[in-house]
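Notes for the one structure printed next.
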Amino acid sequence: MSESKLSTADILAKIRAAKPAASSDAPAAPPAAEAPATAATPPAESAPTPAAKPAPAAKPGSTGDILAAIRAQGAKGAAAPAAADAPKAAAPKPAAAKPSGTSDILAAIRAGKTGAAAPAGDAPAATASPAAKPAAAVASGAPKPSVEEMLKAVRGEKAAAEVAASSPVIPVKPTLPPIPVKPPAAKDKKLTVELGRRSLLVICFSPLVLAFTSMAATSLLWLLDLARFMFPNVLVEPPTKFKIGPPSDYPLGGVSTKWLAARGVWIVHTDQYKGQNLIYALASVCTHLGCTPNWLEGEQKYKCPCHGSGFYINGINFEGPAPRPLERVGIKLASDGQLEVDKSVKFQEEMGQWADSNSFVDGTLA
Ligand code: FES
């Protein structure tokens, strides 16, 4: 503070002295400390003559600002050059507000310097912006870029930004995944099944369907009856004539029931009808209403179970409602010596037909 007034020569000498000193203590002061110093004094270093330096240095800031910064630096001493550089860097900043092209360039350079000073020795951070590259190059001792190079760099950056802004952005159509098909719910299936059942019931029980069904069933029955008519019943009856064996098989005084069940006749060998020894066949049909009487061996009679009619061994009725004697059927001695019965011929006693020779066989042949 003792050196309140410095001459122009002293100022220039301090600037020249500060430059090498700032470049020599690089390890102690990172590029962040050097960049503001170089930014604050680029015109002074680029021009070899002291008289020419102040003129270009006046562009970014006033001469008073530069002098104030130098005086502040001198006041703080050489022990803390880095700390004094920060205000220096802040002092020229107002010049960055100038709208001219050169002003923009300088503002960009200063911004690069401040950007390089902020990380305090972080060199990659200083290379982040293209405008900081010249400042970093100056700080590292590289040859200073010319104004035209800086303009080209800035214009190239602007052009790239304009091109990037003006280039149409082709929207990339995103590829959507296929929409999965929703499977039918169980409820829909149940509803479909229920509707199907209802429709089936409505169709089955509609009057038209019932009418056609009835007609078809009737036609089927008619066809079945017609088929049955094509195959008429065949009545299979035993033959009316049949052989019952030789006369010796039927002893006198006996009634054979051997052919009662199969042929419906009794074979009688008796001598109780008019004292004649005869063998004949009696039909087992009650003359009252057609029931089948039973032969009672102990009582020697035929007894009808229906109304109690009774007949003697020779067939003459004697009790009950039966109006007439039992009927005889034809019998004869066949050529083979057997008795042959013919049920197709009947003989009635009340009609006098028992006297017919075809209604009996001589019992003496037995
Ligand atoms: Fe034999 Fe009436 S049918 S008694």
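So how much slack lies between N294 and R197, counting 0.36 nm per residue of separation and subtracting their Cα-Cα distance, in nm?
Numbers: separation 97, 0.36 × 97 = 34.92 nm, distance 6.90 nm.
Between N294 and R197, full extension yields an extra 28.0 nm.
Can you pull the percent of Cα pairs in the range 149-307 with separation above 21 Å?
Roughly 78 percent, rounded to a whole number.
Can you list residues whose amide H is under 5 Å from K241's amide H, if they're 5+ apart or on another chain and H is modeled 1.01 Å from N?
Placed amide hydrogens put K343 under 5 Å from K241.
Grab the Cα-Cα distance for I179 and F205, subtract it from 0.36 nm times how many residues apart they are, and report the gain in nm with one decimal. Let's see the in-between values first.
Values: separation 26, 0.36 × 26 = 9.36 nm, distance 4.45 nm.
Residue separation times 0.36 nm, minus the Cα-Cα distance, leaves 4.9 nm.
In the structure displayed, which of K243/K346; K274/K332; K241/K274 lie more than 22 Å apart, Cα to Cα? Don't skip to the answer; put the middle values down first.
On the way: K243/K346 17 Å; K274/K332 20 Å; K241/K274 28 Å.
Pairs exceeding the cut-off: K241/K274.
Using 7 Å Cα-to-Cβ label points, what is the S344/A261 separation (nm, one decimal)?
2.8
Between A159 and Q353, what is the spin-label point distance in nm, taking each point 7 Å from the Cα along the Cα→C-beta axis?
Modelled inter-label distance: 15.3 nm.
Per-residue HN-Hα couplings for the range 331-343, Karplus 6.51 cos²θ - 1.76 cosθ + 1.60 at θ = phi - 60°, whole Hz, x for Gly and Pro?
In residue order, the calculated couplings are 8, 7, 8, 7, 5, 8, x, 9, 7, 10, 9, 10, 7 Hz.
Taking only C-alpha pairs under 8 Å that are 6+ residues apart, what is the relative contact order of the range 269-315 in percent?
Computed value for the range 269-315: 28 percent relative contact order.
From the C-alpha coordinates alone, can you work out the Kirkwood hydrodynamic radius of the range 254-355, in Å?
So the Kirkwood estimate lands at 13.7 Å.
At a Förster radius of 41 Å, what calculated FRET efficiency corresponds to the Cβ-Cβ distance of A334 and C306, to the nearest 0.05?
0.70
Coordinate-derived values only; no laboratory data. In this text, all values refer to a predicted model and were calculated from it rather than measured experimentally. Cβ sites come from the backbone with ideal geometry, for glycine too, and all protein chains shown count toward neighbours.
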